[in-house]
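Shown next, in C-alpha coordinates, is the structure this report addresses.
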Amino acid sequence: GVAKQSLYDHFGGKDAIIEAYVREQDAAFSAWFTGQMADAPPDPRGRLLHTLDVLGRFIAGEAFCGCVFLGAIEELADAAHPARRAAWGHKRAFRDALAALARDAGAAEPALLAEQRSLLVDGVLIAARADEHDGQRALAAAKAAAGALLAVAAGPAPTNR
(Lines give C-alpha, C1' and ligand atoms only; values in the text may rest on other atoms or scores of the structure.)
Protein backbone atom coordinates (compact mmCIF):
# COMPACT_ATOMS: atom_id res chain seq x y z
CA GLY A 1 0.00 0.00 0.00
CA VAL A 2 2.98 2.35 -0.23
CA ALA A 3 3.84 4.20 -3.41
CA LYS A 4 7.13 3.19 -4.96
CA GLN A 5 8.35 6.79 -4.88
CA SER A 6 7.66 6.95 -1.12
CA LEU A 7 9.98 3.97 -0.62
CA TYR A 8 12.72 5.62 -2.64
CA ASP A 9 12.19 8.90 -0.80
CA HIS A 10 12.47 7.15 2.57
CA PHE A 11 15.42 4.88 1.76
CA GLY A 12 17.23 6.91 -0.86
CA GLY A 13 17.39 4.18 -3.48
CA LYS A 14 16.96 0.55 -4.39
CA ASP A 15 20.26 -0.56 -2.84
CA ALA A 16 19.29 0.86 0.55
CA ILE A 17 15.87 -0.84 0.36
CA ILE A 18 17.51 -4.19 -0.33
CA GLU A 19 20.03 -3.65 2.47
CA ALA A 20 17.24 -2.74 4.92
CA TYR A 21 15.38 -5.91 3.96
CA VAL A 22 18.46 -8.11 4.47
CA ARG A 23 19.18 -6.48 7.84
CA GLU A 24 15.54 -6.93 8.94
CA GLN A 25 15.68 -10.60 7.93
CA ASP A 26 18.94 -10.97 9.86
CA ALA A 27 17.37 -9.58 13.03
CA ALA A 28 14.21 -11.67 12.60
CA PHE A 29 16.09 -14.90 11.90
CA SER A 30 18.56 -14.35 14.73
CA ALA A 31 15.75 -13.77 17.22
CA TRP A 32 13.83 -16.81 15.92
CA PHE A 33 16.92 -19.03 16.03
CA THR A 34 17.78 -17.95 19.57
CA GLY A 35 14.24 -18.76 20.66
CA GLN A 36 14.41 -22.16 18.98
CA MET A 37 17.64 -22.97 20.81
CA ALA A 38 15.80 -22.63 24.14
CA ASP A 39 14.78 -26.30 23.97
CA ALA A 40 18.32 -27.51 23.21
CA PRO A 41 19.87 -30.13 25.46
CA PRO A 42 21.92 -28.65 28.30
CA ASP A 43 25.17 -30.38 27.35
CA PRO A 44 27.45 -28.45 24.95
CA ARG A 45 27.65 -31.22 22.35
CA GLY A 46 23.90 -31.61 22.36
CA ARG A 47 23.48 -27.85 21.91
CA LEU A 48 25.80 -27.84 18.91
CA LEU A 49 24.03 -30.78 17.29
CA HIS A 50 20.64 -29.22 18.06
CA THR A 51 21.38 -26.40 15.63
CA LEU A 52 20.59 -28.79 12.78
CA ASP A 53 17.26 -29.71 14.38
CA VAL A 54 16.48 -26.00 14.39
CA LEU A 55 17.54 -25.78 10.74
CA GLY A 56 15.11 -28.62 10.01
CA ARG A 57 12.28 -26.60 11.55
CA PHE A 58 13.29 -23.61 9.44
CA ILE A 59 13.26 -25.45 6.10
CA ALA A 60 10.03 -27.26 6.99
CA GLY A 61 8.30 -23.98 7.75
CA GLU A 62 5.47 -22.88 5.52
CA ALA A 63 7.16 -19.55 4.79
CA PHE A 64 10.52 -21.07 3.74
CA CYS A 65 11.46 -20.04 0.21
CA GLY A 66 15.22 -20.29 0.40
CA CYS A 67 17.94 -18.49 2.27
CA VAL A 68 17.71 -14.70 1.97
CA PHE A 69 21.40 -14.38 2.77
CA LEU A 70 22.68 -16.90 0.24
CA GLY A 71 20.31 -15.36 -2.31
CA ALA A 72 21.68 -11.87 -1.71
CA ILE A 73 25.27 -13.09 -1.94
CA GLU A 74 24.52 -14.94 -5.16
CA GLU A 75 22.42 -12.26 -6.84
CA LEU A 76 24.47 -9.19 -5.96
CA ALA A 77 27.69 -9.50 -7.92
CA ASP A 78 29.25 -6.35 -6.46
CA ALA A 79 31.13 -7.42 -3.33
CA ALA A 80 30.80 -3.87 -2.00
CA HIS A 81 27.00 -3.80 -2.31
CA PRO A 82 25.63 -2.94 1.15
CA ALA A 83 23.06 -5.76 1.09
CA ARG A 84 25.71 -8.30 0.10
CA ARG A 85 27.93 -7.06 2.94
CA ALA A 86 24.96 -7.35 5.32
CA ALA A 87 24.32 -10.92 4.12
CA TRP A 88 27.98 -11.83 4.66
CA GLY A 89 27.75 -10.24 8.10
CA HIS A 90 24.87 -12.56 8.94
CA LYS A 91 26.80 -15.61 7.71
CA ARG A 92 29.88 -14.56 9.75
CA ALA A 93 27.82 -14.01 12.90
CA PHE A 94 26.20 -17.44 12.49
CA ARG A 95 29.62 -19.04 11.99
CA ASP A 96 30.91 -17.21 15.08
CA ALA A 97 27.96 -18.54 17.11
CA LEU A 98 28.75 -22.07 15.88
CA ALA A 99 32.40 -21.55 16.85
CA ALA A 100 31.35 -20.59 20.39
CA LEU A 101 29.22 -23.74 20.62
CA ALA A 102 32.11 -25.80 19.20
CA ARG A 103 34.49 -24.31 21.78
CA ASP A 104 32.04 -25.19 24.57
CA ALA A 105 31.78 -28.71 23.15
CA GLY A 106 35.53 -29.17 23.44
CA ALA A 107 36.56 -28.90 19.80
CA ALA A 108 40.31 -28.57 19.40
CA GLU A 109 39.80 -26.16 16.46
CA PRO A 110 36.40 -24.54 16.99
CA ALA A 111 36.74 -22.13 14.05
CA LEU A 112 37.43 -25.02 11.67
CA LEU A 113 34.49 -27.03 13.01
CA ALA A 114 32.27 -23.95 12.69
CA GLU A 115 33.34 -23.50 9.06
CA GLN A 116 32.60 -27.16 8.34
CA ARG A 117 29.19 -26.87 10.04
CA SER A 118 28.44 -23.69 8.08
CA LEU A 119 29.11 -25.53 4.83
CA LEU A 120 26.70 -28.27 5.90
CA VAL A 121 24.04 -25.69 6.76
CA ASP A 122 24.44 -23.88 3.44
CA GLY A 123 24.24 -27.19 1.59
CA VAL A 124 21.00 -28.09 3.35
CA LEU A 125 19.54 -24.65 2.60
CA ILE A 126 20.33 -25.03 -1.09
CA ALA A 127 19.05 -28.61 -1.22
CA ALA A 128 15.83 -27.60 0.50
CA ARG A 129 15.06 -25.35 -2.47
CA ALA A 130 16.33 -27.68 -5.18
CA ASP A 131 15.49 -31.19 -4.06
CA GLU A 132 12.24 -33.05 -4.37
CA HIS A 133 12.40 -34.08 -0.71
CA ASP A 134 12.46 -30.48 0.57
CA GLY A 135 15.94 -30.94 1.94
CA GLN A 136 15.03 -33.68 4.42
CA ARG A 137 17.50 -36.19 2.95
CA ALA A 138 20.19 -33.51 2.88
CA LEU A 139 19.33 -32.61 6.48
CA ALA A 140 19.67 -36.25 7.57
CA ALA A 141 23.01 -36.50 5.77
CA ALA A 142 24.18 -33.23 7.36
CA LYS A 143 23.22 -34.49 10.84
CA ALA A 144 25.27 -37.65 10.31
CA ALA A 145 28.22 -35.64 8.99
CA ALA A 146 27.94 -33.15 11.87
CA GLY A 147 28.10 -35.95 14.41
CA ALA A 148 31.14 -37.45 12.72
CA LEU A 149 32.88 -34.07 12.50
CA LEU A 150 32.20 -33.40 16.17
CA ALA A 151 33.56 -36.81 17.17
CA VAL A 152 36.79 -36.09 15.27
CA ALA A 153 37.05 -32.48 16.48
CA ALA A 154 36.30 -33.10 20.17
CA GLY A 155 36.85 -36.82 20.65
CA PRO A 156 34.15 -39.36 21.43
CA ALA A 157 31.18 -38.20 23.45
CA PRO A 158 31.48 -38.87 27.16
CA THR A 159 29.48 -41.82 28.38
CA ASN A 160 27.25 -41.80 31.44
CA ARG A 161 28.28 -44.52 33.85
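The values are calculated or read from the model by the stated rules, or taken from the named source; none is laboratory data. Just so it is clear, the model here is predicted, and its values are computed rather than measured. Just so you know, the surface numbers come from the protein's heavy atoms only, side chains and all, with ligands and any DNA or RNA stripped out. Shrake-Rupley method; radii C 1.70, N 1.55, O 1.52, S 1.80 Å.
Among the protein heavy atoms, those of Arg23 account for about 130 Å² of accessible surface (1.4 Å probe, every chain in place). Estimated from helical segments only, the mean residue ellipticity of the chain at 222 nm is -25000 deg cm²/dmol, where each DSSP H run of four or more residues counts as -39500 (n - 2.57). In the context of the full protein assembly, Lys14 retains an accessible surface of approximately 120 Å², using a probe radius of 1.4 Å and ignoring ligands and nucleic acids. Using only C-alpha positions, report the orientation-averaged shadow area of the convex hull of the chain, nm², one decimal. Taking the Cα atoms of the chain, their convex hull projects to 11.3 nm² on average. Sorted largest first by accessible area at a 1.4 angstrom probe radius, with every protein chain in place, the residues Val2, Val124 fall in the order Val2, Val124. GNM on the chain, alpha-carbon springs under 10 angstrom: the most fluctuating residue among Gly89, Gly13, Gly71 is Gly13.
Normalising the average separation of contacting C-alpha pairs (under 8 angstrom, six or more residues apart) by the number of residues puts the relative contact order of the stretch 1-98 at 32 percent. Per residue, the chain exposes 58 Å² of accessible surface when a 1.4 Å probe is rolled over the protein heavy atoms with every protein chain present.
I need the shape label for the stretch 50-117. Rule: rounded when a/c is under 1.5, else prolate if a/b > b/c, else oblate, with a, b, c from the alpha carbon gyration tensor. Judged from the Cα gyration tensor, the stretch 50-117 comes out oblate (a/c at least 1.5, b/c at or above a/b). Here Lys91 is the anchor, and the aspartates and glutamates within straight C-alpha reach of less than 12 Å, apart from those fewer than 8 places off in the same chain, are Asp26, Glu115, Asp122.
Ligands, DNA and RNA left out, the 1.4 Å accessible surface of the stretch 39-161 is 57% carbon and sulfur atoms.
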